[in-house]
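Colleague: Here it is, the structure, as structure tokens.
The values are calculated or read from the model by the stated rules, or taken from the named source; none is laboratory data. Predicted model, so just to flag it, every value in this text is computed and none were measured. Counting neighbours? That spans all protein chains shown, and the Cβs are built from the backbone with ideal geometry, glycine included. Surface accessibility is based on the protein's heavy atoms, side chains included, excluding ligands, DNA and RNA. Shrake-Rupley method; radii C 1.70, N 1.55, O 1.52, S 1.80 Å.
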Amino acid sequence: KEGATPPFSDVLKASVMKVNEMQVQSDQFVQRLALGEVDDVSEVSIAVEKAELALRLMVQIRDKLVDAYQQIARMSV
């Protein structure tokens, strides 16, 4: 169907993959900085900060999902 929204699990999986890619890219930037292969330190700093923020957001989303699951589980008892 056109305009159909993808399943939540697909969105979540894609988000986790994107956060992982950002973490890997951040690690690569830090390695290149340590080897002296980076001219612009701010580029490394921005990549690291973006990866950190994305990870923090993913952890908060996970916490909210776990909390929602626990609340639903308590309701069904």
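Colleague: Tell me, what is the per residue accessible area of region 1-57 in Å², probe radius 1.4 Å? Write down the numbers at each step before the final one.
Modeller: Details: 4600 Å² over 57 residues.
Accessible area per residue: 81 Å².
Colleague: Once the Cα atoms of helix 41-75 and of the chain are each reduced to a long axis, what angle between those two axes, in degrees from 0 to 90 to the nearest 10, is obtained?
Modeller: So the inclination is approximately 10 degrees.
Colleague: Determine the dipole magnitude for the chain: charges of +1 sit on the beta-carbon of Lys and Arg, -1 on that of Asp and Glu, nothing else is charged, the reference point is the Cα centre, and the result goes in debye to the nearest 20.
Modeller: On the way: 9 positive and 12 negative charges, 121 e Å.
In debye, rounded to 20, the chain gives about 580.
Colleague: From the convex hull of the Cα coordinates of the chain, what is the mean projected area in square nanometres?
Modeller: Projected over every direction and averaged, the Cα hull of the chain covers 7.8 nm².
Colleague: Which one, P7, G36, Q70, is farthest towards the positive end of the dipole of the chain when Lys and Arg carry +1 and Asp and Glu -1 on their Cβ?
Modeller: Comparing the listed Cα positions along the dipole, Q70 ranks first.
Colleague: So which trypsin sites (Lys or Arg not before Pro) in the chain are both in a DSSP loop and have at most 16 other Cβ atoms within 10 Å of their Cβ?
Modeller: Details: sites: K1, K13, K18, R32, K50, R56, R62, K64, R74; in loops: K1.
When the trypsin sites (Lys or Arg not before Pro) of the chain are filtered for loop state and at most 16 Cβ neighbours within 10 Å, K1 remain.
Colleague: Using θ = phi - 60° and the Karplus relation 6.51 cos²θ - 1.76 cosθ + 1.60, list the HN-Hα couplings for region 23-34 in order, rounded to whole Hz, with x at every Gly or Pro.
Modeller: 5, 5, 4, 4, 4, 5, 4, 5, 4, 5, 5, 4
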